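Peer 1: First the structure, which I've put down as structure tokens, then a few questions once you've had a look.
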Amino acid sequence: MRENLRARLGPEMWERLKRITNPQVHEFIDFFVSLCNPERVFISTDTDADIQYIRESAVKNGEEIPLATPGHTAHFDSYFDQGRDKKNTRILVPPGENLGPFIETLDRERGLSEIYELLRDIMKGREMYVLFLCLGPARSPFTIPCIQITDSSYVAHNEYLLYRPGYEEFIRRGDSFTFFRFVHAQGELDERKTCKNIEKRRIYIDLEGETVYSVNTQYGGNSIGMKKLAMRLAIRRGDREGWLTEHMLIMGVRGPGGRVTYFTGAFPSLCGKTSTAMLEGETIVGDDIAYLRNIDGEARAVNVERGMFGIIQGVNSVDDPIIYKALCTPGEVIFSNVLITEDGGVFWEGKDAPMPERGMNHSGTWFPGKKDEKGKEIPPSHPNARFTISLERLENLDPHLNDPLGVVVSGIVYGGRDSDTWPPVEEAFDWVHGIITKGAALESETTAATLGEVGVRELNPMSNLDFLSIPIGRYIQNNLDFGRTLKKVPKIFSVNYFLKDASGRYLNEKRDKRVWFKWMERRVHGEARAARTPTGLIPLYPDLKRLFWEVLQKEYREEDYVKQFTLRVHENLQKIERVTKIYREKVEDTPAVLFEVLEEQRKRLLAVLEQYGPYVNPFVFETVST
Ligand code: SPV
Ligand code: MN
């Protein structure tokens, strides 16, 4: 028995912890209670009363502000803590381990001693919350038990909305099992209860100890351990065990006769992942993180979450009616970095409501025209402002969210912010072609989801680059291998919601994506034809015309089809050149097949260029049936 821990917890909390018999759990908690030195420790047992205690604490200590609508609260992160901090997020590595130039690393010993110093006494006078949670559905081959330690009731509150409870699971698993560990401390707070010591913000990922440390930050992507921090640990574990952790939505798409076909989709942050998962008429399993496993030869996916930490900018009653309703009716919602209006309501950019004259936002008191230190106008809500809700609040929730075996994945979709290269939808020739030319070659323009410049085109393999904890080449190889072992291989597609014409106008409406998914669903079942281009298989005009009418009652004109699906040869060649160069020069362990597949594609493009010139009308391409 750990006498010190027992004394620090007091009898009530000790009784709670004692029911978990795994000595590693006790050891872990003991170590960080001693190091962080909180005044009190709250061991949560997932009961309604415990969760209510956390909700109330968040309001009592000022991390969340109650709003007029019952169940709604708002939280602010520091003005300089509004996105994921890529620079200060480091994977701790032992001497000699090299993860390549795209993954920020730090010597493990050095990182640990730095973070322990930062954590020393950091919770003095505060309460430490200890939460037991699960990634993935309970009692499933996918389940990973986790412990979150935090001194932020806002973080704890989010975790309960976003993840499944795990206290009973920790008891059930007995004396010996592994678990992911997250230690978060917000550090000193200012009078607005936002982090003061942003320059000492650190997010250190210790793969060896399966532990992530997050200090002097509150922004969810930096602080909510189970979200993006756990992805690094899971990618590593999956690498050892032969499964995948992906930055992917999961959704059920309806086909003829009520058939439901499941898709996963990888999109970089702020590129339409949530709005895709929420497509009208379809059902959502998840909008951010999926684990994929080969179970009896089938690709099966689960959502490791059960809630949504979604981007609020642009959410409105017309484009996002279901989310909008959840955000505007009583029920549990945590808003972050929106504008709180004087009557206790909230406003965000793109909400279909008049712009308030005053309010409070991430910059303090706000009024239209307010400028920051550099003279830049401060918007009412930050572009990365978010809302947290339970998926249970959504009318379009798929019935398989908690299925222990997940759903069978029939299609995988990759999409980025691409104004000039990819067509709106395209199928890969096969698994390898898809993983390489669509997944590994995914590029996107940077967005406000991370700190730093926006609008810069960057390579973002599988939209997972920010979360990788193994070398990129190895990660791509794992994806290639995953398909090889399946009896039923999912089809791979790309989509592009951001394609523009020469004058910079978007070529599609937002709602058109509903049609792309219906077409992909038909392709999975061999019920739609396609035209074979050098880069993949595109829809035929008559099929799309019919689908546009069926799905959207929209007249789809031939000239629109031609504009949208014109093969942009130079742009595609340039893309191959950019992508190849990065893999050749910067990624030491690129699988050789990547260069071969891109080179074959380059040759096909050159042949077409010779015959038809740089912009090729889609009608010239040969039709194939499967
Ligand atoms: C993303 O940025 O991809 C998100 C939000 O889903 S965060 O928690 O910041 O990662
Ligand atoms: Mn994400």
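The values are calculated or read from the model by the stated rules, or taken from the named source; none is laboratory data. What you see is a predicted model, and the numbers here were worked out from it, not measured in a lab. So basically every Cβ, Gly included, is an ideal-geometry build from the backbone, and we count neighbours across all protein chains shown. Just the protein is used for accessible areas: all its heavy atoms, side chains included, with ligands, DNA and RNA removed. Shrake-Rupley method; radii C 1.70, N 1.55, O 1.52, S 1.80 Å.
Peer 1: Considering segment 385-397 alone, what residues qualify as being farther than 14 Å from ALA74 by Cα and out of contact with any Ser or Thr (no Cβ under 8 Å at 6 or more places or on another chain)?
Peer 2: So in segment 385-397, the residues farther than 14 Å from ALA74 by Cα come out as 390-397.
Scanning segment 385-397 gives SER390, LEU391, GLU392, ARG393, LEU394, GLU395.
The rows are residues; the columns are (1) open to solvent by 20 Å² or more (accessible area, probe 1.4 Å); (2) not in a strand (DSSP E or B).
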residue	(1), (2)
TYR154	no, yes
LEU161	no, yes
PHE170	no, yes
ASP175	yes, yes
VAL183	no, no
GLU191	yes, yes
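Peer 1: Check whether at least one residue in segment 610-620 is under 30 Å from ILE103 (Cα atoms), surrounded by 16 or more Cβ atoms within 10 Å (Cβ to Cβ), aliphatic (A, V, I, L, M) and in the same structural domain as HIS433 (by TED's automatic domain parsing), and report yes or no.
Peer 2: Quick first cut of segment 610-620, residues under 30 Å from ILE103 (Cα atoms) only: none.
For segment 610-620, residues under 30 Å from ILE103 (Cα atoms), surrounded by 16 or more Cβ atoms within 10 Å (Cβ to Cβ), aliphatic (A, V, I, L, M) and in the same structural domain as HIS433 (by TED's automatic domain parsing): absent.
Peer 1: Given the conditions (1) within 16 Å of ligand 2 (Cβ to nearest atom); (2) over 18 Å from the mean Cα position of the chain (by Cα), and given that PHE517 satisfies all but one, which numbered condition is not satisfied?
Peer 2: Of everything listed in (1) within 16 Å of ligand 2 (Cβ to nearest atom); (2) over 18 Å from the mean Cα position of the chain (by Cα), PHE517 misses just condition (1).
Peer 1: Sticking with this one: How many residues are within 22 Å of ASP320 (Cα to Cα) and open to solvent by 20 Å² or more (accessible area, probe 1.4 Å) when one looks only at segment 476-501? Quick ask: steps written out before the conclusion?
Peer 2: Pass one, segment 476-501, residues within 22 Å of ASP320 (Cα to Cα): 495-499.
Okay, now just the ones that are also open to solvent by 20 Å² or more (accessible area, probe 1.4 Å), so 497-498.
The number of residues fulfilling the criteria is 2.
Peer 1: Between residues in segment 366-394 that are more than 23 Å from MET355 (Cα to Cα) and residues that are assigned to a helix (DSSP H, G or I), which pairs lie under 7 Å by C-beta distance while being six or more apart or on different chains?
Peer 2: ILE389/LEU161; ILE389/ALA326; SER390/LEU161; ARG393/ALA326; LEU394/ILE322; LEU394/ALA326
Peer 1: Going by the structure shown, is ASP296 surrounded by fewer than 17 Cβ atoms within 10 Å (Cβ to Cβ) and either modelled with pLDDT of 95 or more or not assigned by TED's automatic domain parsing to the domain that holds CYS271 (or both)? I'd like the intermediate steps shown before the answer.
Peer 2: Values: surrounded by fewer than 17 Cβ atoms within 10 Å (Cβ to Cβ): yes; either modelled with pLDDT of 95 or more or not assigned by TED's automatic domain parsing to the domain that holds CYS271 (or both): yes.
Against the criterion (surrounded by fewer than 17 Cβ atoms within 10 Å (Cβ to Cβ) and either modelled with pLDDT of 95 or more or not assigned by TED's automatic domain parsing to the domain that holds CYS271 (or both)), ASP296 qualifies.
Peer 1: When you check VAL33 against the structure, is it touching a residue at least 12 places away in the same chain (Cβ under 8 Å), open to solvent by less than 50 Å² (accessible area, probe 1.4 Å), more than 24 Å from ILE334 (Cβ to Cβ) and of a type outside the set (S, T, N, Q), yes or no?
Peer 2: Working: touching a residue at least 12 places away in the same chain (Cβ under 8 Å): yes; open to solvent by less than 50 Å² (accessible area, probe 1.4 Å): yes; more than 24 Å from ILE334 (Cβ to Cβ): yes; of a type outside the set (S, T, N, Q): yes.
Yes: the conditions hold for VAL33.
Peer 1: While we're on this one: Among the candidates PHE595, PHE548, PHE565, single out the residue that is open to solvent by 30 Å² or more (accessible area, probe 1.4 Å) and assigned by TED's automatic domain parsing to the domain that holds HIS525. Step through it out loud before you land on a result.
Peer 2: Numbers: PHE548 fails: open to solvent by 30 Å² or more (accessible area, probe 1.4 Å); PHE565 fails: open to solvent by 30 Å² or more (accessible area, probe 1.4 Å).
Within the list PHE595, PHE548, PHE565, the selection yields PHE595.
Peer 1: Checking GLU246 against (1) under 19 Å from GLY483 (Cα atoms); (2) more than 13 Å from ligand 2 (Cβ to nearest atom), which test does it fail?
Peer 2: (2)
Peer 1: Ok, one more. Name every residue in segment 446-468 that is within 16 Å of ligand 2 (Cβ to nearest atom) and either open to solvent by less than 10 Å² (accessible area, probe 1.4 Å) or not in a loop (DSSP other than H, G, I, E, B) (or both), in order of residue number.
Peer 2: Within segment 446-468, ALA449, THR450, GLU458, PRO461, MET462, SER463, ASN464, LEU465, ASP466, PHE467, LEU468 qualify.
Peer 1: Among the candidates GLY473, GLY504, which residue alone is at pLDDT 95 or above, open to solvent by less than 60 Å² (accessible area, probe 1.4 Å) and either outside any loop (DSSP other than H, G, I, E, B) or under 17 Å from THR421 (Cα atoms) (or both)?
Peer 2: On the way: GLY504 fails: at pLDDT 95 or above.
Just a single option satisfies the conditions, and that option is GLY473.
Peer 1: Please verify whether SER336 is within 16 Å of ligand 2 (Cβ to nearest atom), surrounded by 23 or more Cβ atoms within 10 Å (Cβ to Cβ) and not aromatic (Phe, Trp, Tyr), treating the condition exactly as stated. Break it down stepwise before answering.
Peer 2: Values: within 16 Å of ligand 2 (Cβ to nearest atom): yes; surrounded by 23 or more Cβ atoms within 10 Å (Cβ to Cβ): yes; not aromatic (Phe, Trp, Tyr): yes.
Against the criterion (within 16 Å of ligand 2 (Cβ to nearest atom), surrounded by 23 or more Cβ atoms within 10 Å (Cβ to Cβ) and not aromatic (Phe, Trp, Tyr)), SER336 qualifies.
Peer 1: From the list PRO383, PRO356, which residue is touching a strand residue (DSSP E or B) at 6+ places or on another chain (Cβ under 9 Å), under 30 Å from LYS563 (Cβ atoms) and surrounded by 15 or more Cβ atoms within 10 Å (Cβ to Cβ)?
Peer 2: Working: PRO356 fails: under 30 Å from LYS563 (Cβ atoms).
The unique qualifying residue is PRO383.
Peer 1: What number of residues within segment 258-274 satisfy the criterion of being farther than 16 Å from LEU401 by Cβ and more than 13 Å from ligand 2 (Cβ to nearest atom)? Talk me through it step by step, then tell me what you get.
Peer 2: If we filter segment 258-274 for residues that are farther than 16 Å from LEU401 by Cβ, which is where we start, we get 258-259, 261, 265-273.
Restricting the remaining residues to those that are more than 13 Å from ligand 2 (Cβ to nearest atom) gives 258-259, 261.
Residues in segment 258-274 being farther than 16 Å from LEU401 by Cβ and more than 13 Å from ligand 2 (Cβ to nearest atom): 3 in total.
Peer 1: Shifting gears a bit: Can you give me the number of residues within segment 193-203 that are open to solvent by 10 Å² or more (accessible area, probe 1.4 Å) and in a strand (DSSP E or B)? Quick ask: steps written out before the conclusion?
Peer 2: Initially, segment 193-203 is screened for residues open to solvent by 10 Å² or more (accessible area, probe 1.4 Å), giving 193, 196-202.
Filter again for in a strand (DSSP E or B), leaving 202.
Adding up the residues that qualify gives 1.
Peer 1: Please go through segment 238-281 and pick out each residue that is open to solvent by 30 Å² or more (accessible area, probe 1.4 Å) and within 16 Å of ligand 1 (Cβ to nearest atom).
Peer 2: Hits for segment 238-281 are LEU270, THR274, SER275.
Peer 1: Here's a check for you: in segment 411-445, which residue that is open to solvent by less than 30 Å² (accessible area, probe 1.4 Å), of a type in the set (Ser, Thr, Tyr) and away from ligand 2 (no atom under 16 Å from the Cβ) is nearest to ASN464 (Cα to Cα)? So that I can check it myself, show each step before the final result.
Peer 2: Filtering segment 411-445 for residues open to solvent by less than 30 Å² (accessible area, probe 1.4 Å) gives 411-416, 418, 421-428, 431, 433-444.
When the remaining residues are screened for being of a type in the set (Ser, Thr, Tyr), the result is 414, 421, 437, 444.
Imposing the further condition that a residue be away from ligand 2 (no atom under 16 Å from the Cβ) reduces the set to 421, 437.
Details: THR421: 21, THR437: 15 Å.
Out of the qualifying residues, it is THR437.
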